[in-house]
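Q: Got a structure for you, questions after.
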Amino acid sequence: MNNIYVKNIVRFVLLILFQVLVLDTVQFGGYVIPYVYLLFILLLPFDTNKSLLLLLAFFTGLSIDFFENTMGLHAAAVVFIAFARPGVIKFYFPTLEYTKGEEPGLSKLGVTGFLKYAFTLILLHQILLTFLEVFNFHDFIETLSHIFINALASTLGVLVVAMLFTSQKRRKRRKR
């Protein structure tokens, strides 16, 4: 089996388990939950087939929905960001060149580029997820603040986890 497949399967399992066993049990400030599992979709290789990307996004969201009992809300939001992902990449990095199997991670995009890319997609995820959950515009300003705070917390969580994975790779390269 190809190394890319094994790496992404392990990443999927670890991120889903971390999300449902750790992050979903701890709510910061009463309603802030960082959605770090989105890193799986964010780090899929640039050349991932669009149909496969949408299918993986659906199963990622469905996995979270299963554990959180949210009846497809995460699946819809994650499929939406998977659909938007190629456009966001082209918008922020129009001249970006990449090799087969290369990921849009910190080493390729840099910290600033990765933050722009991740925050945009995470914000889109939070907007759709929150409005599907709330399904009204009654407390619009409060809902917007909730979306923005969750998007910031999720982006920070994604950045920390991405930096941890990047640091491990650099350490392994230095030892060789």
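What follows is calculated from the coordinates using simple rules that are stated; it is not laboratory data. On a predicted model such as this, the values are computed, not experimentally measured, just so you know.
Q: Return one number: the angle in degrees, 0 to 90 and rounded to the nearest 10, between the long axis of the Cα atoms of helix 73-92 and the longest principal axis of the Cα atoms of the chain.
A: Result, in degrees: 50.
Q: Next question. Counting alpha carbon pairs within less than 8 Å and at least 6 residues apart, what relative contact order, in whole percent, applies to the chain?
A: Once normalised by length, the contact order is 26 percent.
Q: Okay, moving on. How far is helix 3-18 tilted off the main Cα axis of the chain, in degrees rounded to 10, range 0 to 90?
A: For helix 3-18, the angle is close to 30 degrees.
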